[in-house]
Amino acid sequence: MTNMVADIERYFGAIDAAFRGLGQVFETEGEWVKRHNLIHSICKLHLDRLRVAHECWELSTRFWDTFKIDTRDSGFPVYQHILQLENDRKHAESRLEQIATAHQIRKEMIELLLKHREHPGELQRKMAQRLYFETLADYDLFHPHTAPRTVRHSINRRTGRHYYVVQWATYDGTAHLPLVYVAVIEDSSDDPSPPPADREDGHKPWPEGEAIRGLPNRSVSADFEAFTEAHSGYGLTLTTIATALDKDFPQLHPKQLRRFVIGPFYAGGFTNHNDEVQGILDKVDDPDNMWLMTWTAQELWSKEERPARWGLWGKSAPEEVFHIDTDSIDCVRQGVSAIERRALIPHEAYQAVYAQGRVDEILGDYECYIASGDSIIRNV
């Protein structure tokens, strides 16, 4: 961890450049977007919220006494800061009533500069506070935990069961990483709520404003919300989460579970969670290009459902059998069916890696994107 230091502005400049690049990547995914449009829109929604959170954090450094970043592991602000955003968000409107308007603050700044020839340091802090609370009040941001929302509800024509596509997100309190989850769940309850008539074919997701908080099956919705809050930690494998869900909710059958891990983020001269990466980034001439953003997509799917069994001592519920790719050590270790790692790196930083002949060593496990100005070079 590190206290706020003189180059904190450079850190936020780097991470803002990384978010702009990520936005370009997400906007130009081509065929992947067409095949996974719903997943794409969910990831983009939470990525946009994370960008708002970082805008608020950048403003906060101008009036908070300390600001801590997890420089050893994630490269993101520590968990206590997202808790602070959540607390300040609840009081944003009342705080804005106590702070002069932006117009009034600007007038005072001009008067102090021209009439008294003094530096308006305190007024700059007040303006940062004003903009901070305005952003909290006007925009949605990434929360410590975003309650699950059902974004699609339809009928599986083969089984006759209702199925839900559910998304939620969390900011892990130990790893200090943003996590986004997407689950496909079948419901074998006797009387689940029917899907909207105009969306029974399942081809149209609900817009965010129409998404249902929790599950359409209200009898289990509150318990499911509590489950996601307790079982979304980065330290839990997808197999652990899906198996627990399958066991705790006999009428719910998790058929697929995805987790998107945003980060770690590496900033030259600032973070220190990988000596090899840092050694190369520190040698990049332009401070704006001394960064590397990574993200990971993990996926788990059910390969079969063992039917319910009856015996002398009663009935056992159906049980999902999840596929683990045993040909991949990484998949076995992480308890997933598939895993994809991606990295976004500025062109100058990539050239530094290439010049040392270490592309395979450092970026070999990643599908790499190179940010070059306003362009993205894909699938390197």
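Quick note: the coordinates plus some simple rules give every number you see, no bench work behind them. Since the model is a prediction, treat every value here as computed from it, not as a measurement. Here the Cβ is made from the backbone with ideal geometry for all residues, glycine too, and neighbour counts use every protein chain on show.
Indicate the helices, whole DSSP H runs only, in the chain that combine a mean Kyte-Doolittle hydropathy of -1.0 or more with a Cα extent along their long axis of 27 angstrom or more.
Values: long enough: 8-27 (28 Å, 0.26); 37-60 (34 Å, 0.00).
Qualifying helices, which must be both long enough and hydrophobic enough, are 8-27, 37-60.
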Over all alpha-carbon pairs of the stretch 8-138, lay out the pair-distance distribution in 10 Å bins, whole %, shortest bin first. 11, 32, 30, 19, 6, 2, 0
Between their Cα atoms, which of Lys44/Lys107; Lys90/Lys247; Lys247/Lys303 are more than 28 Å away from each other? Lys44/Lys107; Lys90/Lys247
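What share of the DSSP beta bridges in the stretch 225-380 is antiparallel, in percent to the nearest 5? All intermediate terms of the calculation are to be shown ahead of the outcome.
On the way: 27 of 32 bridges.
Bridges in the stretch 225-380 are about 85 percent antiparallel.
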How would you rank His119, His162, going from fewest to most other Cβ atoms within 10 Å of each one's own Cβ? His119, His162
Within the stretch 270-371, list the chymotrypsin sites (Phe, Trp or Tyr not before Pro) lying in a DSSP loop whose Cβ has at most 10 other Cβ atoms in a 10 Å radius. Trp313
Fewest Cβ neighbours within 10 Å first, please rank Ile329, Ile262 accordingly. Ile329, Ile262
Theoretical ellipticity at 222 nm over the chain - DSSP helices of four or more residues, -39500 (n - 2.57) apiece, nearest 500: -12000 deg cm²/dmol
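Over the alpha-carbon set of the chain, divide Rg by the Kirkwood Rh and report the Rg/Rh ratio to two decimals.
Values: Rg = 23.6 Å, Rh = 23.0 Å.
Expressed as Rg/Rh, it is 1.02.
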